[in-house]
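**Student:** Structure incoming, see below.
The values are calculated or read from the model by the stated rules, or taken from the named source; none is laboratory data. Keep in mind that what you see is a predicted model, and the values were worked out from it rather than measured. Cβ placement follows ideal geometry from the backbone for every residue including glycine, while neighbour counts extend to all protein chains displayed. Areas reflect the complete protein model, heavy atoms only, side chains present, ligands, DNA and RNA absent. Shrake-Rupley method; radii C 1.70, N 1.55, O 1.52, S 1.80 Å.
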Amino acid sequence: MARRGIKRKAPELGQLPSTDDYAPTLFMRCHNQKEHDSETKIWKCAFEPSLDNPSDTTNILATCGGKTVCLIDVNAERVLKRFNDTDRNENFYTLAWTTIDIAAGKKVNILAVAGEGGAIKLIYPSQLLMYAAIRGHKKYISCLLFHPTSTRLLFSGSRDGFVFLWDIGIPDKAPQSTYVPLLKISVQDSVGDALNLEFSETNSMLIAGAERGCVGWQVADTPPSLTPTRRAKVIEKPDIYFQHPKSKTTTVDGLIRLPNDLIATKQVGSGEILIWDLSKHLARLGSTRDVPIDPLLKLKYPQHNVKYLNLGFSNGMLGVGDDQGNLLLYNIKSIVDKKKVSEEEDSLWDASTILEWPNIINKNDFPTETHPSKELVVNTVAISSDHSFVTGGTDNNLVCIWKREEEEEHS
């Protein structure tokens with residue numbers, strides 16, 4: 001499938017700086033669980049980090065949906081490898097990359113995936129081979145996050161009401177038969193199911209966007225002071241509740257950490273994405289753990305009630321899908337770098353660019369519903385570090401690849 005599409009610029013009034021132009025390149029179904037599958041949901045996609053510089057990405061995109069994980073070369077426009085889990089009831093909801101030192105001067109990327117089966121599967125991307133499974137959660141796992149610098153440490157959030165911290169070890173050594181969590185954080189009584197996690201090293205704080213709000217925990221006691229040889233520490237209550245403005249729901253389904261310790265959050269039904277300074281909010285902690293969000297910037301977003309639409313960010317560009325098949329891009333680089341905006345900061349800022357759902361040419365002979373009359377949800381967005389590619393995953397089993405258009409040379 002490919003190639004015609006529309007790119008629409010948002011109105012100029014109150015607009016952020018523009019982005020590059022993008023054209024739809026390939027919309028592919030590679031997570032089929034049955035013949036002519038237009039129902040499997042693509043829940044997460046993320047670009048592989050570069051081994052030389054973790055802040056850069058390769059052209060390899062990992063995607064998960066159903067019981068399938070795919071590695072896609074977005075430049076070559078083809079699926080390199082496809083992993084199908086043996087558990088018939090598995091449905092992968094989340095994935096995360098990490099880069100681990102395995103020997104002097106040698107590094108390897110590892111992909112962690114998890115979902116309905118309640119176990120974290122650790123995969124070698126080069127062979128797409130699952131070499132270990134981490135079991136401990138009693139219900140499905142909704143989010144995974146590797147520590148930004150202690151890259152063996154993995155946080156996992158589950159419907160069972162807990163966030164666990166694991167040490168996944170060194171993959172080239174014999175895999176562990178059992179894994180013991182280093183830390184257990186209770187979430188259920190405070191905000192319910194954790195949907196996304198982020199960690200701030202500056203403040204030693206783990207943040208969760210969840211079904212009933214956004215909270216944070218001080219997690220200063222990390223390895224080497226924590227080891228699996230002792231009983232896991234249990235944290236019962238959050239240290240802070242980040243209070244978002246009232247909305248139709250309390251669900252914070254979008255959460256991502258930006259440079260300079262800024263945070264972006266999206267509350268379902270609010271019609272906005274908030275950019276706020278974590279350190280400044282922690283400084284307001286006093287007799288109460290409730291701290292109202294005072295946004296540095298408010299970004300305009302469609303006011304629908306569809307849940308579980310994840311934010312993506314790379315080098316100054318924030319991306320998110322909506323319920324109509326669109327990808328919204330926000331160029332916030334100058335704001336993130338300077339940590340300030342103009343005098344219009346109390347107003348909503350439009351997206352820099354909206355990539356609308358294209359007219360898709362189906363290269364297959366069988367009929368397929370690529371743009372159903374009902375809502376078409378883009379669950380996840382990933383952006384390559386050089387902004388050459390913007391990708392998304394949909395509710396109707398499509399991985400969407402948009403490529404930056406090169407400027408025409410004029411003689």
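**Student:** So how far, in whole Å, is the C-alpha centre of the range 64-96 from the one of the range 27-59?
**Tutor:** Comparing the Cα centres of the range 64-96 and the range 27-59, I get a distance of 6 Å.
**Student:** At a probe radius of 1.4 Å, what is the per-residue accessible area of Met317, in Å² to the nearest 10?
**Tutor:** Accessible surface of Met317 is approximately 10 Å².
**Student:** Another question, if that's okay. Could you tally the net charge around Ala114, taking each other residue with its Cβ under 14 Å from the Cβ of Ala114, Lys/Arg +1 and Asp/Glu -1?
**Tutor:** Summing Lys and Arg as +1 and Asp and Glu as -1 gives +1.
**Student:** Given only helices, namely DSSP H runs of n ≥ 4 each adding -39500 (n - 2.57), what is the per-residue ellipticity at 222 nm of the chain, to the nearest 500 deg cm²/dmol? Could you put the intermediate results ahead of the total?
**Tutor:** Details: 2 runs with 11 residues, N = 411.
That comes out to -500 deg cm²/dmol.
**Student:** Turning to a different aspect of this structure: If each of Asp87 and Asn59 carries a label point 7 Å out from its Cα toward its Cβ, how far apart are those two points in nm?
**Tutor:** 3.4
**Student:** Quick check: residue separation of Gln243 and Arg289 times 0.36 nm, minus the Cα distance between them. What number comes out in nm?
**Tutor:** 15.6 nm
**Student:** Quick one: of Lys248/Lys339; Lys44/Lys67; Lys339/Lys403; Lys34/Lys139; Lys121/Lys237; Lys41/Lys67, which pairs are farther than 20 Å apart, Cα to Cα?
**Tutor:** Correct reply: Lys248/Lys339; Lys339/Lys403; Lys34/Lys139; Lys121/Lys237.
**Student:** So if each residue of separation counts as 0.36 nm, and I subtract the Cα-Cα distance between Ser18 and Asp323, what length gain in nm does that give?
**Tutor:** Net length gain for the segment: 107.5 nm.
**Student:** Check the straight Cα-Cα distances from Lys340 and name the lysines below 22 Å, setting aside those fewer than 8 residues away within the same chain.
**Tutor:** Output for Lys340: Lys266, Lys280, Lys298, Lys300.
**Student:** Could you give the nm distance between label points at Glu405 and Ile102, where each point is 7 Å from its Cα heading toward the beta carbon?
**Tutor:** About 4.3 nm, to one decimal.
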